[in-house]
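Report on one structure; see the data block that follows.
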Amino acid sequence: MPRRIILHAGFHKTGTSTIQSVLRENRVALKKHVALRLRWHMKDLVAATRGYSTWRDPLTLIKVQDRFTRLMDDLPGMPRRTLVISAEELSGHLPGRGELADYSAAPILLYAFWEIARARYPEAEILIYLSTRAPGPWLESAWAEHVKASNMTLPFEDFAARYHGAANLDAMVAEIASRVPVPVHHRALESCLDLPLGPADPLLDLCDLPAALRAGLVPVAPANTRLKPEILQAMLEANRTQDTAEARNAAKAQLLKDAR
């Protein structure tokens, strides 16, 4: 069984893609000490967590619990290793989609994960790690992600006014810590800029890696960075003017191609 389980549950737009890229790039070096389950290992689970954060219905929560249980049951033997489960969607959808105004589903989801992990591995230490970001930059990045990946039509100023409550990530960290009976660690993206592995370093600190191994881990370029303002503005216009999802996606794909 693992000696420690780290649930890295976001938040979105806080360097999570870079963290996962660092873990994936160094997976061979880490293998003797760390077992990884990253977002692409659990597509069915994150589909359910996104659904629960949107609908908050008991049936979808049961689906979340069932899929996390299957994730636990399908794990190989991990004697004395640290298990890192990392996906920003473990906290639900990125706020800003319609009525989804915040991360208030996250404490419920994380309690469910803790309860299942404790039952499966009662002697393992369980930790939660949350990456955060200052409210202003988080709102800018969240808006940009919605413009790029959804049919967002709000200008940034209106988006920020409507969803400003979601940007108080420190308050949500405190809420999770008050409702899930495990240590909750967190670190702001801004404080990681000069670290050798960027935002992945605070998470790796929790893995207790040998110093020689840690020193040999390789960094990666920041992942999923924000597009230039003029491209975002063009995508926003496509969201406003194209009548179908197919047309919007095609227009935005062409903008990305031209930008490259």
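The values are calculated or read from the model by the stated rules, or taken from the named source; none is laboratory data. Computed from a predicted structure; not experimentally measured. Cβ placement follows ideal geometry from the backbone for every residue including glycine, while neighbour counts extend to all protein chains displayed.
Points to keep in mind about this one:
- Hey, Ser131 in contact (Cβ under 8 Å) with a residue 60 or more places away in the chain, of a type in the set (S, T, N, Q) and either crowded, with 21+ Cβ neighbours inside 10 Å or in the same structural domain as Ser17 (by TED's automatic domain parsing) (or both) or not: yes
- Members of region 204-220 that are loosely packed, with under 14 Cβ neighbours inside 10 Å and touching a residue at least 12 places away in the same chain (Cβ under 8 Å): Asp208, Pro210, Gly216, Val218
- Strands (runs of 3 or more DSSP E) within region 1-117 that include 2 or more residues under 30 Å from Trp143 (Cβ atoms) and not β-branched (Val, Ile, Thr): 4-8, 34-38
- Any hit, region 107-123, residues being in contact with a helix residue (DSSP H, G or I) (Cβ under 6 Å, 6 or more places away or on another chain), touching a residue at least 60 places away in the same chain (Cβ under 8 Å) and basic (Lys, Arg): no
- Subset of region 83-101 [surrounded by 20 or more Cβ atoms within 10 Å (Cβ to Cβ), among the acidic types (Asp, Glu) and out of contact with any strand residue (DSSP E or B) (no Cβ under 9 Å at 6 or more places or on another chain)]: Glu89
- Test: residue in region 119-128 that is of a type outside the set (A, V, I, L, M) and under 26 Å from Trp55 (Cβ atoms): no
- Residue selected from region 218-245 under the condition under 27 Å from the mean Cα position of the chain (by Cα) and farther than 25 Å from Glu157 by Cβ, by the criterion modelled with the lowest pLDDT: Ala223
- The set of residues in region 184-202 being surrounded by 13 or more Cβ atoms within 10 Å (Cβ to Cβ) and either of a type in the set (A, V, I, L, M) or closer than 24 Å to Glu115 by Cβ (or both) consists of Val184, His185, His186, Ala188, Leu189, Leu195, Leu197, Ala200.
- Residue within region 164-180 that is over 19 Å from Ala106 (Cβ atoms), surrounded by fewer than 19 Cβ atoms within 10 Å (Cβ to Cβ) and either touching a Cys at 6+ places or on another chain (Cβ under 7 Å) or in contact (Cβ under 8 Å) with a residue 12 or more places away in the chain (or both) present: no
- Top-ranked residue of region 37-63 - restricted to ones that are among the hydrophobic types (A, V, I, L, M, F, W, C) and closer than 16 Å to Phe113 by Cβ, ranked as surrounded by the fewest Cβ atoms within 10 Å (Cβ to Cβ): Ile62
- Arg97 satisfies every condition listed in (1) modelled with pLDDT of 95 or more; (2) on the phi < 0 side of the Ramachandran plot except (1).
- When restricted to residues that are free of Cβ contacts under 8 Å to residues at least 40 places away in the same chain and either surrounded by 10 or more Cβ atoms within 10 Å (Cβ to Cβ) or within 27 Å of Pro137 (Cα to Cα) (or both), region 222-260 contains 23.
- When Ala142 is tested against the conditions (1) farther than 25 Å from Ala245 by Cα; (2) part of a helix (DSSP H, G or I); (3) of a type outside the set (D, E, K, R), the lone failure is (1).
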